[in-house]
Amino acid sequence: MSIKEILKTKEGALKLKEKLDSMTEEERKNPNFHKIKSMTCNALMSFGVKIERKKFFKKPKYSFEKKMECLEELQKYVSNRFELENPKPLQLGIDKILAEKLDGKMSIDSIKIALKFYCSRKRYLVNGLKLKQRYDLDGNYHSDITEEHLDSMKNGLIGKYGFKVYKKTIELKD
């Protein structure tokens, strides 16, 4: 039996409706589509439908314009921190701090899109490898970057921009 066929049955529709009705009023106003997918998946699995969760929960890819739009919105609220010319590595958990600070002015998803875009930029990775320090929202020193995270930055730089860029970064450091 396919997913469409199950949802067309009375039991399937009732089970899904039951899951969706369990959402709070706040969740209905700002629906989290990942959670709705999860509830749908769980309802279908309770009918014995085998679902590959990886395919079901595929992360959406965002366009360059969408990423820039999210970053520009973030820059509007925290203007002095997200400069593109000379970025400083951010402290860990900055997404939660920003969500608290912005208090609903920006969605969590938009914050995460902007941060992922900002932190995967070439200059950010190069500065992370050079400075080896993390900074808070005010631009003050927060902590050192661990060796594990430096390796991750190195691999990200090599993977996205090539070994020549990484080698050039190392030469500039010395």
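Please treat every number below as a calculation from the coordinates, not as lab data. Everything numeric here is computed off the predicted structure, so don't read it as measured data.
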* **Estimated vicinal HN-Hα couplings, Hz - region 113-122 in sequence order (Karplus 6.51, -1.76, 1.60; Gly, Pro = x)** => 4, 4, 5, 4, 5, 5, 7, 9, 6, 4
* Amide hydrogen neighbours beyond the local backbone of R134, cut-off 5 Å, H modeled -> H142, S143, D144, I145
* Over 23 Å between Cα atoms, which of K61/K101; K17/K112; K76/K167; K96/K154; K122/K168; K105/K154 qualify? -> K61/K101; K17/K112; K76/K167; K96/K154; K105/K154
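Could you tell me whether region 64-173 comes out rounded, prolate or oblate from its Cα gyration tensor? Rule is a ≥ b ≥ c as square roots of the eigenvalues, rounded for a/c under 1.5, then prolate if a/b exceeds b/c, otherwise oblate. Mind showing how you got there, number by number?
Numbers: a/c = 2.14, a/b = 1.58, b/c = 1.35.
Since a/c reaches 1.5 and a/b is larger than b/c, the shape of region 64-173 is classed as prolate.
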